[in-house]
1. Can you tell me which residue within region 20-45, out of those that are surrounded by fewer than 17 Cβ atoms within 10 Å (Cβ to Cβ) and modelled with pLDDT of 80 or more, is nearest to V126 (Cα to Cα)?
2. Read through the list (1) closer than 21 Å to V34 by Cα; (2) more than 17 Å from the chain's Cα centre (by Cα); (3) of a type outside the set (G, A, S); (4) exposed (fewer than 13 other Cβ atoms within 10 Å of the Cβ), then give the number of the only condition that P79 fails.
3. In the set A95, A118, which member is part of a helix (DSSP H, G or I), more than 22 Å from F42 (Cβ to Cβ) and under 24 Å from the mean Cα position of the chain (by Cα)?
4. Answer yes or no as to whether T17 is under 23 Å from A133 (Cα atoms), at pLDDT below 80, of a type in the set (S, T, Y) and in a loop (DSSP other than H, G, I, E, B).
5. Residue check: is L145 exposed (fewer than 15 other Cβ atoms within 10 Å of the Cβ) and touching a residue at least 40 places away in the same chain (Cβ under 8 Å)?
6. Is it the case that region 104-117 has a residue that's β-branched (V, I, T), exposed (fewer than 14 other Cβ atoms within 10 Å of the Cβ), out of contact with any His (no Cβ under 9 Å at 6 or more places or on another chain) and more than 25 Å from P32 (Cα to Cα)?
Amino acid sequence: MNDAPAPSPHPTAAHSTDPVDPVDGQPRPPTPAVQRSRWLTFGLCLALVVLGLLWELVLAPTGRGTLAIKVLPLVLALPGLWRMRLYTYRWLSLAVWLYAAEGGVRVLGERGLGPALALTEIVLSVLLFGACAWHVRARLAAGRLLAAEKTAEPAA
């Protein structure tokens, strides 16, 4: 007889940082706030990747398009965001300021379409930071709630 617990119906809920139900030991599904912040963060990161590639390869290329490699850290973050890795949200919230700084430099130093693209990069970067912060706060709040539930349970 197999005593292993049944797999979770939520594929993103089976991570060690996710709250575990104290009754059956199964990972809890993410809260609605965590899910919303996950999708917002993923979408903003993907939008920043698309903007960076379009900017450097199609809309206002500089040189031979080698600046397109600037989106590589964002591309590397996408799998971690998809899997809801808390570490990814934390480091991305710090790294995104490099993109905001680049946009700040290029909004004043370019002509033509460049300033509008730079302003878009700044807006997306700030929104991405906010979404990362929201996700981390929501995940930590869910963990605190779980800890409070565990301490409130009577000892059996």
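The values are calculated or read from the model by the stated rules, or taken from the named source; none is laboratory data. The model shown is predicted, which means the values in this text are computed figures rather than measured ones. Using ideal geometry, Cβ is built from the backbone for each residue, glycine included, and neighbour counts are taken over all protein chains shown.
1. Step by step, filter region 20-45, then rank; the result is G43.
2. Against the list (1) closer than 21 Å to V34 by Cα; (2) more than 17 Å from the chain's Cα centre (by Cα); (3) of a type outside the set (G, A, S); (4) exposed (fewer than 13 other Cβ atoms within 10 Å of the Cβ), P79 comes up short only on (2).
3. One residue alone meets the criteria, A118.
4. Yes.
5. Considered against the rule, which asks whether it is exposed (fewer than 15 other Cβ atoms within 10 Å of the Cβ) and touching a residue at least 40 places away in the same chain (Cβ under 8 Å), L145 comes out as yes.
6. yes
Condition check ((1) in a helix (DSSP H, G or I); (2) free of Cβ contacts under 8 Å to residues at least 24 places away in the same chain; (3) over 18 Å from G130 (Cα atoms)) across all residues:
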{"site": "L46", "(1), (2), (3)": "yes, no, no"}
{"site": "V49", "(1), (2), (3)": "yes, no, no"}
{"site": "G63", "(1), (2), (3)": "no, yes, yes"}
{"site": "L67", "(1), (2), (3)": "yes, yes, yes"}
{"site": "V71", "(1), (2), (3)": "yes, yes, yes"}
{"site": "V75", "(1), (2), (3)": "yes, no, yes"}
{"site": "M84", "(1), (2), (3)": "no, no, no"}
{"site": "T88", "(1), (2), (3)": "yes, yes, no"}
{"site": "A100", "(1), (2), (3)": "yes, no, no"}
